[in-house]
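K.L.:
Handing you this structure, nothing more for now.
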Amino acid sequence: MSAAYPALRLRRTRATAWSRRLHAETLLTPADLIWPLFVTEGEGEPVKALPGVSRWNLSGIVDRAREARDLGIPVVALFPNTPRELRSDDGAEAFNPDNLMCRAIRAIKDAVPEVGVLTDVALDPYTSHGHDGIVDASGYVLNDVTSEALVRQALVQAEAGSDIVAPSDMMDGRVAAIRDALESGGHPNVQIMAYAAKYASAFYGPFRDAVGTHGLLKGDKKTYQMDPANSEEALREVALDLAEGADSVMVKPGSPYLDIITRVKAAFEVPVFAYQVSGEYALIEAGVAAGVADRDAMVLETLLAFKRAGCSGVLTYHAAHAARLLGA
Ligand code: PBG
C-alpha cells in the first residue's frame, strides 16, 4: 500500500535546508576528489586551453601536493609535459627512471608522503607522434610491444614511489602484464586503477595542449580507444581489466558517460572512478567567462552527479576549488 497525494507530499521533506540535508542520498566530500596536475621541466606556466590550470615545476608540484593534503584531497594524479627533444618514436623516455614523472613522484613522496600519488601509464607524453603506444609503418598502434613498454613504464613509476598506476592506453592485456611485473618486482601493494572504459572522445583537446602532444598527434585514437556508440563493450573492458587484476576501474570522459558508470557499478560492485576531463572543465570555464554559468554551482552539481551515478571518486581539474567550496 503506498500513500498518494495529499497524504504524500514529496515537497514536505524539501521545504527547509536542514531537511534537505537530512534526506540527501548522496554526499560529496573532498575525500572523493583526485586532482590531476601537470608537471614541466621549465619554470611553470598557465595552460592556455585550460584557464586556471598550470604546468608546475617540481617545487610547484610539491606545493600543490601540500595544498591537496590541507584541503583533504587524498590523491594527486601526475601528467608530464616532456621536452620535445626527449620524445621519440618508441617513447623510451617513459621508462627512464630519472624522467620528469619519476622525479615529481619522488619529490612529492619525500615532502608529503601522506598524499597518494597516481601516475598515468601510456606513452603519449613521450612519443614523437603523440600516440599512446608504438606504431608500425602504417601508423597502427601495436598492442603487444606497447604492452611491454607500459610494463617498464609502470615499474619505474612504482620504484619512484607511485601508489596507483593508471594505464590509460587501452591496449589489450596490459593490466595482467603490469600486475605480474609489480608482483614479481616487489610492489604487491601498488594499486592499478585501469582506465577500463576510455572513449575516443572530442573532450581531450585541452589536455593534449597541456602535455604538448597537440601539434604532434597524427590521426586519431579510434583503433584503441572505445567507440562512443558502445556500452556492452564497456562492460567487457571492465570485466577483462578486473580479471587481470585491476583494483579499481575508470570511466572517461565523465558527464557524457554517466550511464556507463551506473551500468559498471551495477554489474561489478567494484570501486568506479570517473574522469571529468579537460574538455568538460574547459566548457564550464567558457560558460563562466561568457556569463552564462555559475562556476561554483556547476562544479558541485557535476561532481555530485558522479557520486549519484555510482562513483567512489572523481578526477577533476576543479578538485582544489571544489574542496574549498565543500569547506574542509
Ligand atoms: C593519455 C591521456 C589522455 C587523457 C588522460 N590520459 C589523452 C588522450 O587519450 O588523448 C585525457 C585527460 C583529459 O582530457 O583531461 N593517455
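K.L.:
Place a label point 7 angstrom from the Cα of T262 along the Cα-to-Cβ direction, then list the residues of segment 1-37 whose backbone nitrogen is under 19 Å away.
P.N.:
Only 24-28 fall inside the zone, counting backbone N under 19 Å.
K.L.:
Based on the alpha-carbon gyration tensor of segment 27-325, what equivalent-ellipsoid semi-axes (square roots of 5 times the eigenvalues) come out, in whole Å, largest first?
P.N.:
On the way: eigenvalues 129, 101, 81 Å².
Square roots of five times the eigenvalues give 25, 22, 20 Å.
K.L.:
Pop a pseudo-label 7 angstrom from the Cα along the beta-carbon direction at both L27 and E45 and give the gap in nm to one decimal.
P.N.:
If labels sit at L27 and E45, their model points lie 4.4 nm apart.
K.L.:
Within the chain, what percent of beta bridges assigned by DSSP are antiparallel, to the nearest 5? Let's see the in-between values first.
P.N.:
On the way: 4 of 39 bridges.
Of all bridge pairs located within the chain, approximately 10 percent are antiparallel.
K.L.:
Related question: Treating only the Cβ of Lys, Arg, Asp and Glu as charged (+1, +1, -1, -1), what charge dipole size does segment 27-325 show about its Cα centre? Round to the nearest 20 debye. Intermediate values should be presented prior to the final figure.
P.N.:
On the way: 26 positive and 42 negative charges, 119 e Å.
Dipole size: approximately 580 debye.
K.L.:
Let me ask something additional. Whole-Hz Karplus ³J(HN,Hα) for segment 179-188, in order, using 6.51 cos²θ - 1.76 cosθ + 1.60 and θ = phi - 60°, x for Gly and Pro?
P.N.:
Each residue of segment 179-188 in turn: 4, 4, 5, 5, 4, 6, x, x, 10, x Hz.
K.L.:
Around L118, with a cut-off of 13 angstrom between Cβ atoms, what is the net charge of the other residues, counting Lys and Arg +1 and Asp and Glu -1?
P.N.:
Numbers: positive: K109; negative: D120, D163, D247.
Combined, the nearby Lys, Arg, Asp and Glu give -2.
K.L.:
OK, next. Taking Cα atoms, how many degrees apart are the long axis of helix 232-243 and the longest axis of the chain, rounded to 10 and kept between 0 and 90?
P.N.:
On a 0 to 90 degree scale, this one is about 70.
K.L.:
Assign one of three labels to segment 193-328, namely rounded, prolate or oblate, based on the Cα gyration tensor with a ≥ b ≥ c the square roots of its eigenvalues; rounded applies when a/c is under 1.5, prolate when it is not and a/b is larger than b/c, and oblate otherwise. All intermediate terms of the calculation are to be shown ahead of the outcome.
P.N.:
On the way: a/c = 2.01, a/b = 1.22, b/c = 1.65.
Because a/c hits 1.5 or more and a/b fails to exceed b/c, segment 193-328 counts as oblate.
K.L.:
If you stretched the chain out fully between W18 and D247, how much longer would it get, using 0.36 nm times the residue separation minus the C-alpha to C-alpha distance?
P.N.:
Details: separation 229, 0.36 × 229 = 82.44 nm, distance 3.71 nm.
Net length gain for the segment: 78.7 nm.
K.L.:
Where Lys and Arg each count +1 and Asp and Glu each count -1, what net charge lies around T146 among other residues with Cβ under 9 Å from its Cβ?
P.N.:
Details: positive: R174; negative: D132, D144, E148, D169.
Neighbour charge sum, excluding T146 itself: -3.
K.L.:
Where does the charge balance sit around G245 when Lys and Arg score +1, Asp and Glu -1, over other residues with C-beta under 13 Å from its C-beta? Kindly include the intermediate steps, with their values, before the conclusion.
P.N.:
On the way: positive: R174, R179; negative: D180, E183, D241, E244, D247.
After counting each charged neighbour, the total is -3.
K.L.:
Expressed as an acute angle from 0 to 90° and rounded to the nearest 10, what is the orientation of the C-alpha long axis of helix 100-111 relative to the principal long axis of the chain?
P.N.:
The answer is roughly 60 degrees.
K.L.:
Distance in nm between label sites at L8 and L216, each 7 Å beyond Cα in the beta-carbon direction?
P.N.:
5.8
K.L.:
Next up: At a threshold of 8 angstrom on Cα-Cα distance, excluding pairs fewer than six apart, so keeping six or more, what relative contact order does the chain reach in percent? Display every interim value, and only then the final one.
P.N.:
Values: 632 pairs, mean separation 62.1, N = 328.
About 19 percent, as a whole number.
K.L.:
Nearest 10 degrees is fine. How inclined is helix 143-160 to the longest principal axis of the chain, computing both from alpha carbons?
P.N.:
Once rounded, one gets 80 degrees.
K.L.:
Modelling each spin label as a point 7 Å along the Cα-to-Cβ direction, I'd like the E159/L142 distance in nm, to one decimal.
P.N.:
2.3
K.L.:
Helix-only estimate, please: 222 nm mean residue ellipticity of the chain, summing -39500 (n - 2.57) across DSSP H runs of length 4 or more and dividing by its residues, to the nearest 500.
P.N.:
Computed ellipticity for the chain at 222 nm equals -11500 deg cm²/dmol.
Just so you know, all these numbers are worked out from the coordinates, no wet-lab data involved. Because the structure is a prediction, the values reported are computed rather than measured. When we count neighbours, we look across all protein chains shown, and the Cβ atoms used for this are built from the backbone with ideal geometry, even at glycine.
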